[in-house]
1. Any residue at all in region 27-40 that is part of a helix (DSSP H, G or I) and within 12 Å of residue 65 (Cα to Cα)?
2. For a quick check of your reading of the model, give me the residue pairs whose first member lies in region 17-40 and is more than 18 Å from residue 62 (Cβ to Cβ), whose second is part of a helix (DSSP H, G or I), with beta-carbon atoms closer than 6 Å and at least 6 apart or on different chains.
3. Are any residues in region 32-50 over 12 Å from residue 7 (Cα atoms), out of contact with any helix residue (DSSP H, G or I) (no Cβ under 9 Å at 6 or more places or on another chain) and either surrounded by 10 or more Cβ atoms within 10 Å (Cβ to Cβ) or modelled with pLDDT of 90 or more (or both), and if so, which ones?
């Protein structure tokens, strides 16, 4: 795709719950197929509930966790937890 997107928590939840309009579902699917980028805050929001479903845990485990947006929209990747 060339562009990098930082996904929003609600967009992720709506995508996984198939609550988005078809065009949006396809667009987000293309972004996710390219690379999943979420913030450390998104990670806490997505996994911070009791009884989190395994597919959401798997989604977050495949994501690149980024921290902060710098000048020009650049961000820093956090190292993956092992």
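1. To start, the set of residues in region 27-40 that are part of a helix (DSSP H, G or I) comprises 27-34, 40.
Next cut, within 12 Å of residue 65 (Cα to Cα) only: 40.
Within region 27-40 (the criterion being part of a helix (DSSP H, G or I) and within 12 Å of residue 65 (Cα to Cα)), the answer is yes, since at least one residue qualifies.
2. 20/14
3. Matches in region 32-50: 33, 34, 44, 48.
The values are calculated or read from the model by the stated rules, or taken from the named source; none is laboratory data. These figures come from a predicted structure and were not determined experimentally. Note: ideal-geometry Cβ built from the backbone for every residue, glycine included; neighbour counts use all protein chains shown.
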